[in-house]
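> To start, I am sharing the structure in question, which I have written as structure tokens.
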Amino acid sequence: MDYTIKFIWDDEADVWYSCSDDVPITLESESIDTLIKRVREALPEMIELNHLDSPKNVYYLIHERKGIMI
């Protein structure tokens, strides 16, 4: 089992946030480094609490979301 965690920049809120289709883990931080650290610390507990299989691999994808001008 592989898990993918996405890190997305929210221009409007001025923060990075994490999300995943594999593990319910949504956190935010002003710093990408801090957010990655928080996700790494919280991930094992979220996997256990949700009775998920231990991951073989965890992939971190960093995306930058641009603000939309109308």
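The values are calculated or read from the model by the stated rules, or taken from the named source; none is laboratory data. What you see is a predicted model, and the numbers here were worked out from it, not measured in a lab. Cβ: placed from backbone, ideal geometry, glycine included. Neighbour counts: every protein chain shown. The area values use the complete protein model at the heavy-atom level, side chains included, leaving out ligands, DNA and RNA. Shrake-Rupley method; radii C 1.70, N 1.55, O 1.52, S 1.80 Å.
> Does Thr26 qualify as being open to solvent by 100 Å² or more (accessible area, probe 1.4 Å) and β-branched (Val, Ile, Thr)? Let's see the steps before the verdict.
Details: open to solvent by 100 Å² or more (accessible area, probe 1.4 Å): yes; β-branched (Val, Ile, Thr): yes.
When the stated conditions are applied, Thr26 passes them.
> Tally the residues that are open to solvent by less than 40 Å² (accessible area, probe 1.4 Å) and over 11 Å from Ile5 (Cα atoms), restricting the search to region 36-53.
Of region 36-53, the ones open to solvent by less than 40 Å² (accessible area, probe 1.4 Å) are 36, 39, 42-43, 47.
Now drop any that are not over 11 Å from Ile5 (Cα atoms), which leaves 42, 47.
Here the count works out to 2.
> Name the pairs whose Cβ atoms lie under 7 Å apart, with the first residue in region 54-70 and more than 9 Å from Asp2 (Cα to Cα) and open to solvent by less than 70 Å² (accessible area, probe 1.4 Å), the second modelled with pLDDT under 95 and part of a strand (DSSP E or B), and 6 or more positions between them or separate chains?
none
> Checking the structure you have, find out if any residue of region 45-56 is at pLDDT below 95, of a type in the set (Lys, Arg) and out of contact with any Ser or Thr (no Cβ under 6 Å at 6 or more places or on another chain).
yes
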